[in-house]
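Some notes on the structure that comes next.
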């Protein structure tokens, strides 16, 4: 088991050197200070994580709102195009731009005398 790339043998060696340098009386004080530092860092990390989650939730809500508006816009454009296409289709069926081959239009029949 490695802790930051340091194995158990290295940890024992660091503990022995710390005991020699600091003395056995100061080791408990150092352990308490280290525990406080770790607790502070954990609290800081938890606070930062909670703040980031809150910001991300806010951004997600904004994104969902924009996405919903875009979907509504797309649907309205589709509906508008559908109605325009239907209207153009009805107009072309009722009054074709190009007359089908066969009899001349009624206005020309009158000119030919038929």
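Calculate, for residue 76 and residue 47, the FRET efficiency according to 1/(1 + (r/R0)^6) with r their C-beta to C-beta distance and R0 35 Å; round to the nearest 0.05.
Working: r = 44 Å, r/R0 = 1.26.
Efficiency at R0 = 35 Å is approximately 0.20.
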*Can you pull the one-decimal nm distance between simple spin-label points at residue 29 and residue 54, each 7 Å off the Cα toward Cβ?*
3.8
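Using only the Cα atoms, what convex hull volume per residue in Å³ does region 1-95 have?
Details: hull volume 12.1 nm³, N = 95.
It comes to 128 Å³ per residue, whole-number rounded.
Each value in this text was obtained by applying a stated rule to the coordinates, not by laboratory testing. None of these values were measured; they are calculated from a predicted model. Backbone-built Cβ (ideal geometry, glycine too); neighbour counts: all protein chains shown.
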